[in-house]
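A short write-up of the structure that comes next.
What follows draws every value from the coordinates through simple rules; no lab data is involved. Everything numeric in this text was worked out from a predicted model, so none of it was measured.
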Amino acid sequence: MTEKAKYDISRKLFDFEAYAIKKHTIYPELYQRLFEIQQQFIKFTENTKRFILIKESDKKDELFLRETDQLEITIINAVDYFNKNELFLSKSVTSNYIETMSVIKDLFSSYITNYYNNQTLHGDFSEKTEKIDAKIMLLKESIYKELSYSHFEETEEKV
């Protein structure tokens, strides 16, 4: 092989390895951030159910705002992480992530709207919560497929 060809192959291997390492770092973190949102929704629901019975509306609103702020920060952090790393994500993972975040934002908005309209969190959010769970599972499967070694064996193109 000529030196130029060796250099070209070496550069391509380095680029691929760097990309694969970055991808293997980003995907678990992306999933973890969505999983954290899911867990925070559970905590949020449990915490807000406890202070719904509080008679003083100012204190109730303060507690609700504290809970929504924490959840909103977690959501914003997940969106920021996605935006910073989108170039390393496959179309499948990107699509699943966007769909999952859409359902998450919809549920978050429903909580806030319902609370301020009714001063309560009594509502049927279970369908949306189940939808988030299902979307996160789809994302997890998509990530797992791409990070597993068998993913390389399943490519249609042969080199």
Segment 26-80: C-alpha gyration tensor shape, a/c 1.5 cut-off, then a/b vs b/c: oblate
Hits among lysines - C-alpha to C-alpha of K131 under 25 Å, sequence gap 8 or more where chains match: K43, K49, K91, K105, K140, K145
